[in-house]
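Notes follow the structure.
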Amino acid sequence: MDKVNANELLQAQSHVWNHIFNFINSMSLKCAVDLGIPDAIQNHGKPMTVTELVAALPTLNPTKACFIYRLMRILAHSGFFARQKRSGDAREDGYVLTNASRLLLKDDPVSMVPMVEFLLDPTITKPFHFLGSWFENDDRTPFDTAHGKGFWDYDFPYTKLGNLLYDAMARDSRLFASALIDKYRGMFEGLNSLVDVGGSTGTVGKAIAEAFPHLECTVFDLPQTVAGLQDTGNLKYVGGNMFEQVPPADAVLLQRVLCDWNDDECTKILKQCRKAVSGGKEGGKVIITDLVLTKNEKVDDENSNLIETQLLCDMETMVLVGGKVRREEEWAKLFSASGFSDYKIDPVSVMRSVIVVYP
């Protein structure tokens, strides 16, 4: 410390303070969702003052109205709302939505509200308080340490939290399915059959089946997940265990599946997928949509933020389910260990790449 001047030390202290307080950004975001602030501003139809916002929030306790401007101030600083001049001689600026807060409108088909509510629920954030303890024990994940059971064994089905999880997954899949079909149409043409492994209730499978009526699509998930779901046209549901067997097809789709599992588990899944497509048309292929960790040789501010998002996602998967976010060389090692001969990766967004793997 003697060799660090006072100014440098104060800057370092500010950095520590910033990270101590970072959780407040997340909780402020959750508060805005809970109060319905994005929808109130959207429904107003023009820049909305704090006074107008307070009047439009029916669940707000009147004694707390004076604090709303402070919540809006931090949310605007975080990029969820923007201040805008109002027409005429209005003395008070109004708030408008940004692209980020448009994803927080509750009734939008691709709304991220269920994702916000699920990932910031105390059940999901609690394991992070046990991260230090986990490094000192034999538990598989901090989630196990916090709750006494693993994420996949937790009683999510038929609960409010479980409904949020399924809704969040469906909306996320709906957004990506549209982009996948639009940009990668050629990837599906020429196929006669496709299996969506871990396809849950079939959001992506339905979209692909509708876009390619000639394609026989199968949504493959745990029996309890697909129980009661009805086959329609060229889409059917099959229950099973992807670690033991995958239905044969020309192509297998793994949509945000492998990031939830460790390397040994991924190898088992991929080997079953390779068996499933080896007899397919022209040897078949496995289509993976997942996160590929960005190389950080050139770290500008924008790239640093993207990498941080990926690294945070990696920690989330480690803490909840024991999975990981992988670099390209780690993906290549998985493919080789699973018996595949070649692959290609096409980045779509910071949170998604399309990886096509060949037997």
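No lab work stands behind these numbers, since they all come straight from the coordinates. All values derive from a computational prediction rather than experimental measurement. Because the Cβ atoms are built from the backbone with ideal geometry, glycine has one as well, and the counts that use them run over all protein chains shown.
Quote the relative contact order of the chain in percent (integer), defining contacts as alpha-carbon pairs under 8 Å separated by 6+ residues.
Working: 550 pairs, mean separation 38.4, N = 359.
Value for the chain: 11 percent.
Taking the beta-carbon count within 10 Å as an exposure proxy, list R70, R91 from fewest neighbours to most.
By the 10 Å Cβ count, ascending, the order reads R91, R70.
Helix hunt in the chain: which complete DSSP H runs extend at least 27 Å axially by C-alpha with mean Kyte-Doolittle at least -1.0?
Result, helices passing both filters: 160-183, 301-320.
For the range 29-55, list residues with backbone N below 11 Å from a point placed 7 Å from the Cα of A65 toward its Cβ?
Answer for the range 29-55: 51-55.
Got a sec? How would Y166, Y237, Y69, Y158 order by Cβ neighbour count within 10 Å, fewest to most?
On the way: Y166 17, Y237 22, Y69 14, Y158 7.
Arranged by neighbour count, lowest to highest, Y166, Y237, Y69, Y158 become Y158, Y69, Y166, Y237.
How far is the Cα center of the range 312-343 from the Cα center of the range 29-57, in Å?
What the calculation gives is 41 Å, centre to centre.
At a Förster distance of 22 Å, what's the computed FRET efficiency of K333 paired with F243, Cβ-Cβ distance as r, to 0.05?
On the way: r = 19 Å, r/R0 = 0.88.
The pair K333/F243 has a calculated efficiency of 0.70.
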